[in-house]
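One structure is given below, encoded as structure tokens.
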């Protein structure tokens, strides 16, 4: 017997430099949980999202990924690309459509963020600052994490897992009130879809707790870590063949295009990429084994496996659009000829 499903169509608006998540609910009948190819295109008023003019405001929503919505009975979360009214041409704000997608390209994104309440990070006193950094990273105890944050973080983890998102872990981060979750995907579009969906679930969850999610890359000035979204990446060739010659050519390509990467790695990165607080300087490119202060961190496993495996680009920041980040990384990799 058909059931009515609540389909939450979710997309990115046209705000710059950081797009916002938008969503609205469509009710449709299906005999079972719908598949992606059963979902219709939908539309919205682009003049209200900085994606169209009022005299010609129609934009189309193309479903590209679907997840069960664990917070709703018969609910589904539908990630969408924004299309022009012809439903064929990607909208200029549609960064997902720019990815040279390859299912052999694997991405793992490490999303850092702060939880805020009453204008300050959770656990900060009303005036001044808490104790300096040192005890907060992967910490436990009320004095380190407060009374509300861990409950939110754990509930968010449960929601992501129930939605089928490939969530790989959580931890308290270096600054007080700062946390991280990790998302992994085989296929760059899939990985980026799931980061955006995990962000959506976190924002929605925090509504009921009256807590804000702060993803600015340097919300607290001074001697406090900023927030990144480190991008771990590999291709079939990097994992299966690799080699020193290819690795060095790859690093040369990344250095040559370092500013093209910075341009899409999130706004205000100059506030975070200072060469301090476990970052490289924004105008330099470097790489090193297990070096958290390098642009590209090389895992020990990569070196031990004869330059095969994955690499970590530590420059993307917490506000970055994973679609744009994945697209830029793959474009640079594509410039390196295979030996």
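A short reminder: the numbers here are calculations on the coordinates, not readings from a lab. All values reported here derive from a predicted model rather than from experimental measurement. Virtual Cβ from ideal backbone geometry, glycine too; neighbours counted across all protein chains shown.
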In a Gaussian network model of the chain with springs linking alpha carbons closer than 10 Å, the residue among 71, 149, 198 that fluctuates most is 71
Extension length gain for residue 35 and residue 335 (0.36 nm per residue less Cα distance), in nm, is 104.4 nm
Largest fluctuation, 295, 327, 139 only, Gaussian network model of the chain with Cα springs under 10 angstrom, belongs to 139
Expected sort for 27, 329 with the fewest Cβ neighbours (10 Å cutoff) up front is 27, 329
In a Gaussian network model of the chain with springs linking alpha carbons closer than 10 Å, the residue among 254, 124, 107 that fluctuates most is 124
Whole-Å distance linking the alpha carbon centroid of segment 72-151 with that of segment 203-220 is 8 Å
Contour minus Cα-Cα span, residue 147 to residue 88, at 0.36 nm per residue, comes to 16.3 nm
Taking 0.36 nm per residue of separation between residue 259 and residue 138 and subtracting their Cα-Cα distance, the length gained on full extension comes to 40.3 nm
Between residue 290 and residue 127, the two model label points (7 Å from Cα along the beta-carbon direction) sit apart by a distance in nm of 4.5 nm
For 21, 330, 61, 338, ascending order of other Cβ atoms within 10 Å (fewest first) is 338, 21, 330, 61
By Cβ neighbour count within 10 Å, fewest first, 268, 58, 193 rank 58, 268, 193
Summing -39500 (n - 2.57) over every DSSP H run of at least 4 residues in the chain and dividing by its residue count gives a helix-only mean residue ellipticity at 222 nm, to the nearest 500 deg cm²/dmol, of -7000 deg cm²/dmol
